[in-house]
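> Here it is: the structure, laid out below.
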Amino acid sequence: MFDRFQDYLNMRKSVASKQIPYYVKWVKDCYAVLACPAETMLTQEQRNSYLERVRSSKEDWQIKQAEQALLLYQFFQTRTAQHPPAVTDSGKQWEALLDQMIKILRLKHRSLNTEKAYTTWFRLFQKTVRKSPEELSSDDVMNFLSYLAAERKVSASTQSQALNAILFMFRYCLHKDMGELDTVRATKRRRLPVVFTVKELGAVFEHLTGTALLMARLTYGCGLRLTECLGLRVQDIDMERGIVTIRSGKGDKDRTTVFPDKLKEDVINHLRGVRLLYELDRSKDVPGVYLPNALERKFPQAGKEWNWFWIFPAPTVSVDPQTLIVRRHHQHPSVFQKTFKAAVRKAHIVKNATVHTLRHSFATHLLENGYDIRTIQRLLGHNDIRTTMIYTHVTNKNFLGVQSPLDQM
């Protein structure tokens, strides 16, 4: 029902596409809090009861958004009651298959981003093949991948992600072997990473302040991915040993990297402010922060402990998309991304730089400073040394000692 509501909002275009997931989230949370089936038509009293319940932890604009979402959902319910969709066994099979895939993804501890991406490819694959799951074969997968490459002109990495999602469904949900797939493959292009010079880094940092500046310096100084920086907990930084521990990084791997001594005082001062937010949550008895894997079941109170608290917590609590628990999460990636992009513009840097450019710069500058490629590979957490070797192509140091023929004239 909620998926159909999302499709309905996309079709009507009465809500900005970026806002649609939040509208759906409000409706889901309301029905979960009220313990009502999705088909139930809520009364005005029930809606008001829910809005009053969340008012203490939400801002006024969020309450207005939630109210609008519930009203739109009620209108959607009246429309579907007048024109109910055709129910087919095939549709039910696809929904059951999606639920099964999500459960297996969570059992395998795949990230929320992976779950969202796989769900998106699942929906597109369902619309493209137009048959029941039990009729699927490897030909359907080949045709789908060829369609992505030939008609939608997707990149090689996008096509690979789609293939991984569909293979996951076949292997773990349908228990079918795909064998060899002969498809139209998207052209794989070799792209060099964008890297800042030290001077450019200084210019960008000058246009950042507060938490955003600390996040940028920490991301560069430790060689972190954006999600790794946001996911840091208080216990993950060991200032005495100069080590940062990255837990459940890309590929669900743990690793350690260096902690810049220059950031010691900044992090200590930052954590003083974070501690006040933590104490506020404890005084309001807000549920503990999210814990990975089965830790929340084994240690129900651990999420309320200071050492598990986020280093970069969000300013307000929000609904956990998997458990629907209202709790404190880390900052949303888009907040830092927008701030960083604005700083790059203000610094008059024309490179197509993102937050990930800080990680590329970390690796390249280490290479230029004489550190060996194996050490850099370990700090970055790369499985394959060939992934790290890409930075030899963007370093300023001329390793081969080649002199341009123009310089010899």
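> On the basis of being surrounded by 14 or more Cβ atoms within 10 Å (Cβ to Cβ), outside any helix (DSSP H, G or I) and out of contact with any Pro (no Cβ under 9 Å at 6 or more places or on another chain), does Val267 make the cut? If you could, list the steps in order and put the result at the bottom.
Details: surrounded by 14 or more Cβ atoms within 10 Å (Cβ to Cβ): yes; outside any helix (DSSP H, G or I): no; out of contact with any Pro (no Cβ under 9 Å at 6 or more places or on another chain): yes.
When the stated conditions are applied, Val267 does not pass them.
> May I pose another question? Name every residue in region 188-242 that is in a loop (DSSP other than H, G, I, E, B) and among the charged types (D, E, K, R), in order of residue number.
Keep residues of region 188-242 that are in a loop (DSSP other than H, G, I, E, B), which gives 188-197, 207-209, 223-225, 231-232, 239-242.
Across region 188-242, the qualifying residues are Lys188, Arg189, Arg190, Arg191, Arg225, Glu240, Arg241.
> Go through Trp306, Trp310 for me and flag whichever is outside the structural domain of Ser111 (by TED's automatic domain parsing) and surrounded by 18 or more Cβ atoms within 10 Å (Cβ to Cβ).
Trp310
> Would you mention how many residues in region 335-361 are surrounded by 15 or more Cβ atoms within 10 Å (Cβ to Cβ), of a type outside the set (S, T, N, Q) and out of contact with any Ser or Thr (no Cβ under 8 Å at 6 or more places or on another chain)?
Adding up the residues that qualify gives 9.
A quick yes/no check of all residues on (1) in the same structural domain as Tyr8 (by TED's automatic domain parsing); (2) touching a Cys at 6+ places or on another chain (Cβ under 9 Å); (3) farther than 16 Å from Tyr22 by Cα; (4) in contact (Cβ under 8 Å) with a residue 24 or more places away in the chain:
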| position | (1), (2), (3), (4) |
| --- | --- |
| Cys36 | yes, yes, yes, no |
| Glu45 | yes, no, yes, no |
| Asn48 | yes, no, yes, no |
| Glu52 | yes, no, yes, no |
| Trp61 | yes, no, no, no |
| Lys64 | yes, no, no, no |
| Glu67 | yes, no, no, no |
| Leu72 | yes, no, no, yes |
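> On to the next question. Output the number of residues of region 98-121 satisfying the condition of being charged (D, E, K, R) and in contact with a Ser or Thr (Cβ under 9 Å, 6 or more places away or on another chain).
The number of residues fulfilling the criteria is 0.
> Same structure again: Under 29 Å from Gly210 (Cβ atoms), at pLDDT 90 or above and exposed (fewer than 13 other Cβ atoms within 10 Å of the Cβ): does that describe His365? Show your work before the answer.
On the way: under 29 Å from Gly210 (Cβ atoms): yes; at pLDDT 90 or above: yes; exposed (fewer than 13 other Cβ atoms within 10 Å of the Cβ): no.
Here the answer is no, as His365 does not meet what is asked.
The values are calculated or read from the model by the stated rules, or taken from the named source; none is laboratory data. All figures in this text were calculated on a predicted structure; none of them were measured in a lab. As a convention, Cβ positions derive from the backbone with ideal geometry for all residues, glycine included, and neighbour counts pool all protein chains shown.
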